[in-house]
Amino acid sequence: MTDKLDIVLYPDEGLRDLCTPVDGMNDDYDRLIDDMFYTMYDAPGIGLAAPQVAIQKRLIVLDVSENQDQPIALINPEVVQSKGEIVYEEGCLSLPGVYAKVKRPSEILVRGLNRDGEAVELEAKDLLAICIQHEIDHLNGTLFVDHLSQLKRSRALQKYRKEMANLKATSS
């Protein structure tokens, strides 16, 4: 049975923590990966990092395919090479309703473990590269708005706080 997990919302302090490595795969992590995929697809989103579901471990799931049929789970991922540049409008499940253009490398080589605990290397470009970098940022306590200028970040977070206040007002 797969469970839908609660997505942690900004300004939760756990989103700013540096996550610890996964020591080795086990049934608990395998179930967590299934639950994270279920939660991500349900949201709907294209990526989810463990700290976004209150687990301070270096684990991400993503699927940038149109049909949600190319799931990728990466444990202890790290970008070992990057090149190029791309600007893309990003959003985040922990900052619903906030979108901003972020500049990142357009091609990366990432290393980590797959869900079987086997070492993997993945070359990614464009949207997949953006998504992997966005999720790895979460593992390091960084949000996509941290890549914005002070003014743009301030405006984005002000808009977010206003929308959240409106949601609370209409739901009570």
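Things to note:
- Just one residue in the set I60, I46, I72 is over 19 Å from T142 (Cβ atoms) and under 14 Å from the mean Cα position of the chain (by Cα); that residue is I72.
- Residues that are over 18 Å from T142 (Cβ atoms), of a type in the set (K, R) and surrounded by 15 or more Cβ atoms within 10 Å (Cβ to Cβ), drawn from region 80-120: R111, R115
- For region 25-48, a residue qualifies if it is assigned to a loop (DSSP other than H, G, I, E, B) and either over 28 Å from D69 (Cβ atoms) or of a type in the set (S, T, N, Q) (or both), and exactly one does: N26.
- The C-beta contact set for region 128-149 (first residue over 16 Å from Q56 (Cα atoms) and without any contact (Cβ under 8 Å) to a residue 60 or more places away in the chain, second residue in a helix (DSSP H, G or I) and of a type in the set (K, R), distance under 6 angstrom, 6+ apart or interchain) comprises V145/R153.
- Candidates S172, S154, S149 - the one that is under 17 Å from V87 (Cβ atoms) and surrounded by fewer than 19 Cβ atoms within 10 Å (Cβ to Cβ): S149
- In region 1-27, the residues that are free of Cβ contacts under 8 Å to residues at least 24 places away in the same chain reach residues that are in a helix (DSSP H, G or I) and not hydrophobic (A, V, I, L, M, F, W, C) with C-beta atoms within less than 9 angstrom, at least six apart or across chains, in these pairs: P11/R161.
- Reported count of residues in region 95-117, each being of a type outside the set (A, V, I, L, M, F, W, C) and touching a residue at least 60 places away in the same chain (Cβ under 8 Å), is 5.
- In summary, D17 fulfils each of the numbered conditions (1) more than 28 Å from K152 (Cα to Cα); (2) out of contact with any strand residue (DSSP E or B) (no Cβ under 6 Å at 6 or more places or on another chain); (3) surrounded by 14 or more Cβ atoms within 10 Å (Cβ to Cβ) with the single exception of condition (1).
- Evaluated against (1) aliphatic (A, V, I, L, M); (2) in contact with a Lys or Arg (Cβ under 9 Å, 6 or more places away or on another chain); (3) closer than 25 Å to D42 by Cα, A119 falls short on exactly one condition, (3).
We did not get these values from a lab; they are worked out from the coordinates using the rules stated. Keep in mind that what you see is a predicted model, and the values were worked out from it rather than measured. Methodologically, a virtual Cβ is constructed for each residue, glycine included, from the backbone with ideal geometry; neighbour enumeration extends over all protein chains shown.
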